[in-house]
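Data block below; observations after.
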Amino acid sequence: MSQKIEGKISFINHDKQYAMIDYEEGNKKKTVRVSIDDKTQKQMKEKNLIKKIHHFMIGDVVSFVVKLSDRGDRMVAVGTEFLYNNALDVLINKSFLNNKFIGYLKIADDKYFVKEIDSYLFFPVPFSPWQLLPTNEELNEQVNFSLENVAKKEKIFATLFDNKYIPEFEQAVKLFKTKTPVEATVFKVTPHAIHLNIVGNKIQAKIPFEEATLVGNKINVLITYLGKSKIAVEKIV
């Protein structure tokens with residue numbers, strides 16, 4: 001492969017999963033397109049063309065190779081690897097002092113992002129399976145958020161301050177905090193686990209398999225852990 005050159009990402013289309021890289025060659029400013037979808041990056045990693053998959057942002061300084069596209073109609077960037085992003089470093093350093101930021105909620109390819117108001121950097125916003133998703137009216141509105149997993153830049157994400165959950169989750173929170181036993185209903189039995197409805201059929205968990213357990217059986221359990229996307233229970237003997 002040709003020698004890599006450096007450039008900076010100046011534009012990202014999150015819907016179509018591509019970015020534009022500005023770079024200089026022979027004292028001339030040029031721009032080249034690069035695909036940033038997960039499938040392309042995974043293929044690059046499998047071919048050892050990049051070391052790891054990265055969530056690209058505006059301002060990323062990257063190294064890459066320019067080549068003719070497979071269709072032969074334009075030049076494209078391949079083997080694109082993240083080097084650094086000064087704007088991202090500034091936000092990470094700020095998060096250690098005051099992890100509260102303002103941004104705009106966006107959606108692209110059925111995934112949610114928040115666009116930081118000053119840097120224009122996009123951060124993915126994962127939602128709990130028990131969370132109420134934003135309405136169309138809430139998109140593009142200002143939100144407060146914090147940055148999480150800042151130790152690993154390629155896996156950094158945002159958490160919104162104002163989160164809304166389904167009523168069943170709120171009930172599960174009360175049961176967990178008060179250590180109240182729950183009469184759970186078995187809805188599936190596999191060779192390795194018994195799957196339970198804890199609160200209605202919205203909050204579900206599992207316990208180790210036991211002989212003679214049938215779908216529809218009632219089992220008393222205690223919620224031992226409840227996070228935003230994970231629950232653990234144990235059988236009360």
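The set of residues in the stretch 1-53 being without any contact (Cβ under 8 Å) to a residue 40 or more places away in the chain, over 20 Å from K153 (Cβ atoms) and either in a loop (DSSP other than H, G, I, E, B) or touching a Pro at 6+ places or on another chain (Cβ under 7 Å) (or both) consists of K16, G26, N27, K47, N48. Of V189, V150, all but one fail to be among the β-branched types (V, I, T), touching a Ser or Thr at 6+ places or on another chain (Cβ under 6 Å) and assigned by TED's automatic domain parsing to the domain that holds A205; the exception is V189. Restricting the stretch 58-113 to residues that are under 19 Å from Q17 (Cα atoms) and of a type in the set (G, A, S), the residue that is surrounded by the most Cβ atoms within 10 Å (Cβ to Cβ) is A77.
Within the stretch 154-182, restricting attention to residues that are in contact with a strand residue (DSSP E or B) (Cβ under 8 Å, 6 or more places away or on another chain) and among the charged types (D, E, K, R), which residue is farthest from Y112 (Cα to Cα)? Top of the filtered list is K179. When T180 is tested against (1) modelled with pLDDT under 95; (2) in a loop (DSSP other than H, G, I, E, B), just one condition goes unmet, and that condition is (1). Here the stretch 54-73 is the region considered, the condition is being free of Cβ contacts under 8 Å to residues at least 60 places away in the same chain and under 19 Å from S10 (Cα atoms), and the residue that is nearest to the chain's Cα centre (by Cα) is F56.
If you go through the stretch 73-92 and pick out every residue that is among the acidic types (D, E) and more than 23 Å from K42 (Cβ to Cβ), you end up with 2.
Scoring T224 on the criteria (1) outside any helix (DSSP H, G or I); (2) surrounded by 13 or more Cβ atoms within 10 Å (Cβ to Cβ) leaves a single failure, condition (2).
F161: exposed (fewer than 12 other Cβ atoms within 10 Å of the Cβ) and aromatic (F, W, Y), yes or no? Here the answer is yes, as F161 does meet what is asked. Name the residues in the stretch 70-91 that are closer than 30 Å to D118 by Cβ and either touching a helix residue (DSSP H, G or I) at 6+ places or on another chain (Cβ under 6 Å) or not in a strand (DSSP E or B) (or both), would you? Answer for the stretch 70-91, where residues must be closer than 30 Å to D118 by Cβ and either touching a helix residue (DSSP H, G or I) at 6+ places or on another chain (Cβ under 6 Å) or not in a strand (DSSP E or B) (or both): N85, N86, A87, L88, D89, V90, L91.
Out of all the residues in the stretch 139-155, is one or more aromatic (F, W, Y) and surrounded by 15 or more Cβ atoms within 10 Å (Cβ to Cβ)? Yes - at least one qualifying residue is present in the stretch 139-155.
The values are calculated or read from the model by the stated rules, or taken from the named source; none is laboratory data. These numbers come from a predicted model, not from an experiment. A quick note on method: Cβ atoms are made from the backbone with ideal geometry, for glycine too, and the neighbour counts reach across all protein chains shown.
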